[in-house]
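Read through the structure below, which is laid out as structure tokens, and then see the notes.
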Amino acid sequence: MASPEQLDALEQAANAMSRAIYRRLTEPLADRMESRTRQRVLDACELTMRRISDEPNFARPSRFLFEELRPYFPLYEQLWVRTVVDRHVTIACEILSRLPRQRSECGAFTRAGESCRREPVAGSEFCPSHRHLEKMDSVG
Ligand SMILES: [Zn+2]
């Protein structure tokens, strides 16, 4: 089972990543950006990091964040925003994917047809009893 310390580590990493993107995006514009807008930028960064850590199948996270952010930046800065977002989100995905998930449950069903609630093996979607299912997946 993931210990409380490990869950903390995931949350802390997600927060640190949100802050890093936020600072990178807002510091150069600090004197031109209202605090309300800065808050929205931070909210978008936090939402994206939370989704990356909670949703293993979250598709195209950097595109998602960029779409959230673009209303707050002038057109001529959007290429720069996109670059910053891409770079940071790539790193964040790598770091967050190495940490344990918060709601980790085996992806299989029991013989009774209910979701298996056991903890998956590290690096796997399945618990020890259902791990063979993963091998079948990768063969097919
Ligand atoms: Zn299982």
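For the reader, a short list of remarks on this structure follows.
- Computed from Cα atoms, the angle from the helix 78-98 axis to the main principal axis of the chain rounds to 30 degrees.
- Unmatched cysteines, the chain - criterion: no other Cβ of a Cys under 4.7 angstrom: CYS45, CYS93
- Listed values for the range 119-133 are Karplus-derived 3J(HN,Hα) couplings in whole Hz (6.51 cos²θ - 1.76 cosθ + 1.60, θ = phi - 60°), namely 6, x, 5, 3, x, 10, 8, 10, 6, x, 6, 10, 5, 4, 4, and x replaces Gly and Pro.
- By the Stokes-Einstein formula, at 0.890 mPa s and 25 °C, the range 1-129 with its Kirkwood radius over alpha-carbon pairs has D equal to 152 µm²/s.
- Within the range 1-123: Cβ-based charge dipole about Cα centre, in debye rounded to nearest 20 (Lys, Arg +1; Asp, Glu -1): 220 debye
Bear in mind that the values in this text are calculations on the coordinates, not laboratory data. Values in this document were obtained by computation on a predicted structure and should not be read as measured data. No Cβ is skipped: glycine too gets one built from the backbone with ideal geometry, and neighbour counts run over all protein chains shown.
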